[in-house]
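Before any comments, here is the structure.
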Amino acid sequence: MIRKLLALCLLVTTWLTAPLTVHAKTDPLIVVRSTAAELTTRLVEDKALITAQSHYLEQMIEDLLSPVVDYRHMSRQALGKYWKRASEGQKLEFQATFKRKLIRTYSHAFKAFQGQELHFGPALFQDNNTDRALIRSYLKDSEGKRVHLDYRLHHQNSWQIHDIVIEGISLAKTFKDQIQDLIKQNGLSRALSKLNREFPDTRPKVVLGSDNWAPYASETLPDKGLAVAIVSSVLEHLGYRVEIRFSPWKKLLEEASEGNLDGLLATWPNQTPPYFLLSEAYLKSELRFIKRSDDPFTYKNPDQLSQFLQDKSYRLGIFANYNYQDYIGEIEGHFDVEKLDYCSQLFREVASNNIDLALVDRWIADNELASKENIADYLSMVPEGIAETSIHLALSQQNSALNSKTLLEGFNKVLARLQQSGEYQDLLIRHQYPQ
């Protein structure tokens, strides 16, 4: 009965019918109203994702409700006297499990949504305490009978829900009784383990390969680099766990062909075999020449380069594992091209006069020249770029367990959403990406 009523109470998409009043601090309805507006939009916009990927709905609900539900408070109330006895690790473990329990319950409710209308009364404050509020509401079930729902909120920097009361029955108290009975029967540690097994993290995992390509991706960087941060953030919003494995590029292609990787973290459009599908571009890469500072070499366009190199011979170093044909095909004939195995080697070879020029990504060059003064003293970057390419997530179609096409459609949709929300821009700023 509780589950059935809970399903009804959580059909919050019609919270838009609630009256809008003046100030978020004095009217918590503003919080639920804005959450409902976003939820309504997402349930419609993401219907195909919800249908195609069952785990997506839980993640969507978590993303939307986490800012307005005080899970830590609810977890503390549920454990009661056992909260103080629990270690910090046990508290965090229980909070994560308790959140999954609630989110999983919410997701069942939203799957059953049929557009029932929810009516609100005014927000009530306890003994003139404007930091605690009670919102009474009701909806009509399929038989036209009213189901009464109360929402208890408190204000700590923002309004957050900490209990839902259905027909006079507190969910917080109900969950507390269930969990404390489990602890009495099994002890704290075993009870927590049992709950974790009952409500495990069921998100599927995507395993991606990357070479060490700082500052885009590296095991030694914060978040393992900007490319890792962007791709992981998008996939996590889709309801996936992400594992990144670092290896040289050739090894990554072998691992992917053998089915040991689901895809490649960062690739140019012409770098992968035909069994890979590419996402929309999530970053741009501009190719620049690196030269010795005393070298008169300049680049403005292919015609200017032809004139400059008429009577000169230049040795150009490029990274052996990348296909530059789309970007230097028009000018390649002007150079003696040498392919080197490591990107960092290109800078050393130019500084040592073993080659005259290197062709590298601008952001990589910025970081290399800024971090290695002994090399940077002798080198400079030619101001004009020769080409711009795009960086993509590549997923293998050889893994039958992963629907690459559907996943990439979701990736592209969520990427666009993060770009619109500002979360994407925040990642660029945090990783000091040149803009």
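General remarks:
So that you can scan it fast, the table gives a plain yes or no per residue for (1) surrounded by fewer than 18 Cβ atoms within 10 Å (Cβ to Cβ); (2) more than 23 Å from Leu253 (Cβ to Cβ); (3) outside the structural domain of Glu255 (by TED's automatic domain parsing):
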| site | (1), (2), (3) |
| --- | --- |
| Gln185 | yes, yes, yes |
| Ser189 | yes, yes, yes |
| Leu192 | no, yes, yes |
| Gly209 | no, no, no |
| Trp213 | no, no, no |
| Ala217 | no, no, no |
| Leu226 | no, no, no |
| Ser233 | no, yes, no |
| Glu236 | yes, yes, no |
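- Whenever a residue of the range 263-275 is outside the structural domain of Ser210 (by TED's automatic domain parsing), it has no partner that is in a strand (DSSP E or B) and among the β-branched types (Val, Ile, Thr) lying with C-beta atoms less than 8 angstrom away and at least six residues away or across chains.
- Spans of helices (runs of 4 or more DSSP H) in the range 292-369 with at least 1 residues within 39 Å of the chain's Cα centre (by Cα), small (Gly, Ala, Ser) and under 28 Å from Leu221 (Cα atoms): 343-351
- Lone unmet requirement of (1) closer than 22 Å to Leu428 by Cβ; (2) out of contact with any His (no Cβ under 9 Å at 6 or more places or on another chain) for Leu221: (2)
- From the list Val147, Val165, the lone residue that is surrounded by fewer than 18 Cβ atoms within 10 Å (Cβ to Cβ), touching a helix residue (DSSP H, G or I) at 6+ places or on another chain (Cβ under 8 Å), in a strand (DSSP E or B) and among the hydrophobic types (A, V, I, L, M, F, W, C) is Val147.
- When each of Asp377, Asp341, Asp336 is tested for being in the same structural domain as Leu428 (by TED's automatic domain parsing), surrounded by fewer than 17 Cβ atoms within 10 Å (Cβ to Cβ), over 13 Å from Gly317 (Cβ atoms) and not small (Gly, Ala, Ser), the lone residue that passes is Asp377.
- Verdict on Leu402 being among the hydrophobic types (A, V, I, L, M, F, W, C) and either in contact with a Pro (Cβ under 6 Å, 6 or more places away or on another chain) or assigned to a helix (DSSP H, G or I) (or both): no
- In the range 165-202, the residues that are acidic (Asp, Glu) and in contact with a strand residue (DSSP E or B) (Cβ under 7 Å, 6 or more places away or on another chain): Glu167
- Residues (surrounded by fewer than 20 Cβ atoms within 10 Å (Cβ to Cβ) and of a type in the set (Val, Ile, Thr)) located in the range 390-413: Thr406
- Close pairs from the range 306-326: first at negative phi and surrounded by 14 or more Cβ atoms within 10 Å (Cβ to Cβ), partner among the charged types (D, E, K, R) and modelled with pLDDT under 85, Cβ under 7 Å, at least 6 apart: Ala320/Asp341
- Residue match in the range 359-377 (condition: touching a strand residue (DSSP E or B) at 6+ places or on another chain (Cβ under 7 Å) and farther than 28 Å from Ser210 by Cα): no
The values are calculated or read from the model by the stated rules, or taken from the named source; none is laboratory data. Because the structure is a prediction, the values reported are computed rather than measured. Every residue, glycine as well, gets a Cβ built from its backbone with ideal geometry; the counts of neighbours run over all protein chains shown.
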